[in-house]
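Read through the structure below, which is laid out as structure tokens, and then see the notes.
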Amino acid sequence: MPITDNQNIPDTDLIRGSLAGDARMQESLYRKFAGKMYAVCLRYAGNSDDAQDLLQEGFIKVFRNLDKFRHEGSFEGWMRRVFVNTSIEHYRRKVHLNPIGETEENRIEDVSVSALDQLAEKDIVQLVQELSPGYRTVFNLYVIEGYSHKEIGDMLQISEGTSKSQLARAKSILQKKVADILGEKRK
């Protein structure tokens, strides 16, 4: 019997079937969550090819560690954490973060919400993807995932101050890019 609607299969059934080695349930689990997890990977990756690699690596980890899901909280939240950690591990191995000085951090202003309202979501994602891997990772962890600078420092094995300076630099770059785009739109 083919599975056509992955959305209607309860997560507990997908988990149980996947743990039992049922290839149809494993495929359904993948299809149900691949889009959302790809979006997570894309925020950390510099391009769609890297995001696809992170997606595959993340799903390998999900399937290998499925028995460790304790059914405390949402399954999707547990998976999201696996994908965020996979992305962090990937870039921790490949990227050295570039700290900026505290004085520069104190001069950087936040991007106004009204400016961001004028941009489409895909434009904002593209701007974040254009950041260097270090800036992009810290920006995503702090702004999107909600981690503290101390937690980010622990995850990335950097100081709390470096995390703060990476975020400040990322915001500064994004602010300039948004201003450039809005300036072009007004012409």
* Return yes or no: is SER148 polar (S, T, N, Q) and within 19 Å of the chain's Cα centre (by Cα)? => yes
* Asked: If you take the residues of the stretch 100-131 that are crowded, with 17+ Cβ neighbours inside 10 Å and not hydrophobic (A, V, I, L, M, F, W, C), which of them is modelled with the lowest pLDDT?
  -> GLU105
* If we scan the stretch 39-48, do we find a residue that is more than 13 Å from the chain's Cα centre (by Cα) and aromatic (Phe, Trp, Tyr)? -> no
* Does LYS164 meet the test of being among the basic types (Lys, Arg), at pLDDT 90 or above, on the phi < 0 side of the Ramachandran plot and not assigned by TED's automatic domain parsing to the domain that holds ASN85? -> yes
* **Failed condition for LYS177, given (1) surrounded by fewer than 17 Cβ atoms within 10 Å (Cβ to Cβ); (2) over 18 Å from HIS90 (Cα atoms); (3) not β-branched (Val, Ile, Thr)** => (1)
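Each row is one residue, and each column tells you yes or no for (1) at pLDDT 95 or above; (2) in a helix (DSSP H, G or I).
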position: LEU29; (1), (2): yes, yes
position: LEU42; (1), (2): no, yes
position: GLY46; (1), (2): no, no
position: ASP49; (1), (2): no, yes
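The values are calculated or read from the model by the stated rules, or taken from the named source; none is laboratory data. Just so it is clear, the model here is predicted, and its values are computed rather than measured. Here the Cβ is made from the backbone with ideal geometry for all residues, glycine too, and neighbour counts use every protein chain on show.
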